[in-house]
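Written out below as structure tokens is the structure these notes cover.
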Amino acid sequence: MVLRTERVGEAGDVVLLVLDRPDVRNAINDELLDALLAALGAVAASAAASVTDVRAVVLAGSGLEAFSAGMDLRERARFSDGELRDQHVRIASLIRLVHELPVPVIAAVEGFALAGGFELVLACDLVVASSAASFGLPEVRVGIIPGGGGARLLAWSAGDARARDLVLTGRRLPAEEAEAWGLVTRVVRPGEALAWALELAASVAAGAPLAVREAKAAILNARPSLASGAAVEDALYETVLRSEDRREGFTAFAEKRPPRFRGR
């Protein structure tokens, strides 16, 4: 089992999803990606049919070392270009699903959230982070770009200059700085992120469900949708996907050595 699913709260109206691959820092492989799409898709489908009893969703990673290291690059190093292209489509779909889910989604972050893991966090409505947490979009260091909408989400939330700072350097952002940038709702002591996130979910669940749903929609409608810029992002991703540098980056990561990029 790569995704633990649990109903929590007094009325069981909060869905807790725990990425459960602690041996690889909760990296998202094909199996986990499919499990997340299925679980969140079920919430979205029931909400669309106006029959959902889910008031909030909490996303967390197993253990204290990482929320998620992002996509499983060791698995991806074995993929063909076609398989990578197909997975990229599904990753982007997952980020949009989280971002546009009718019910609020809260991330509980212990340790680091990197690449696709950080994109997942950026798509959430509220973020509770341990003071030891850190965030980053280090894709350029392995020859690709953030492909799930993370660069746009980051720019919308923190501004273009700060987005360039993280995306172009691949550096890690400490929790306190992320809070100052408006990316984190609350910073708590290490080991307490999930408890605080569940408390926050209970507060959300106590509100009128229709009002909460429409309030989230009102906030989302204040800026363009993720889907509106997907075609341009897909074209940019396709360029790096077919590059020699992308192949070298993935191979170097799998072989645990520094990459030798050549700019082509």
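Details
- The listed residues are Arg246, Arg262, and the only one of them that is in contact (Cβ under 8 Å) with a residue 12 or more places away in the chain and surrounded by fewer than 15 Cβ atoms within 10 Å (Cβ to Cβ) turns out to be Arg262.
- Pair list, Cβ < 6 Å and 6+ apart or interchain, from the stretch 171-198 residues that are acidic (Asp, Glu) to residues that are modelled with pLDDT under 95 and not in a loop (DSSP other than H, G, I, E, B): none
- Residue list for the stretch 152-168, restricted to those being small (Gly, Ala, Ser) and closer than 16 Å to Val98 by Cβ: Ser157
- A single entry from Arg260, Arg264, Arg247 fulfils the requirement of being outside any helix (DSSP H, G or I) and closer than 25 Å to Val24 by Cα: Arg260.
- The stretch 240-264: number of residues that are at pLDDT 90 or above, under 15 Å from Arg78 (Cα atoms) and touching an Asp or Glu at 6+ places or on another chain (Cβ under 8 Å): 1
- Restricting the first member to the stretch 68-79 and to residues that are closer than 11 Å to Ile144 by Cβ, and the second to residues that are among the aliphatic types (A, V, I, L, M) and assigned to a loop (DSSP other than H, G, I, E, B), the beta-carbon pairs closer than 8 Å and six or more apart or on different chains are Gly70/Ala27; Gly70/Ala115; Met71/Ala27; Met71/Ala115; Leu73/Ala27.
- Meets criteria (modelled with pLDDT of 95 or more and part of a helix (DSSP H, G or I)) for Ile95: yes
- Single unsatisfied condition, Arg96 versus (1) over 17 Å from the mean Cα position of the chain (by Cα); (2) surrounded by fewer than 22 Cβ atoms within 10 Å (Cβ to Cβ): (1)
- Some residue of the stretch 8-16 being modelled with pLDDT of 95 or more, in a strand (DSSP E or B) and surrounded by fewer than 20 Cβ atoms within 10 Å (Cβ to Cβ): yes
The values are calculated or read from the model by the stated rules, or taken from the named source; none is laboratory data. Here the structure is a predicted model, which is why all the values come from computation and not from measurement. Because the Cβ atoms are built from the backbone with ideal geometry, glycine has one as well, and the counts that use them run over all protein chains shown.
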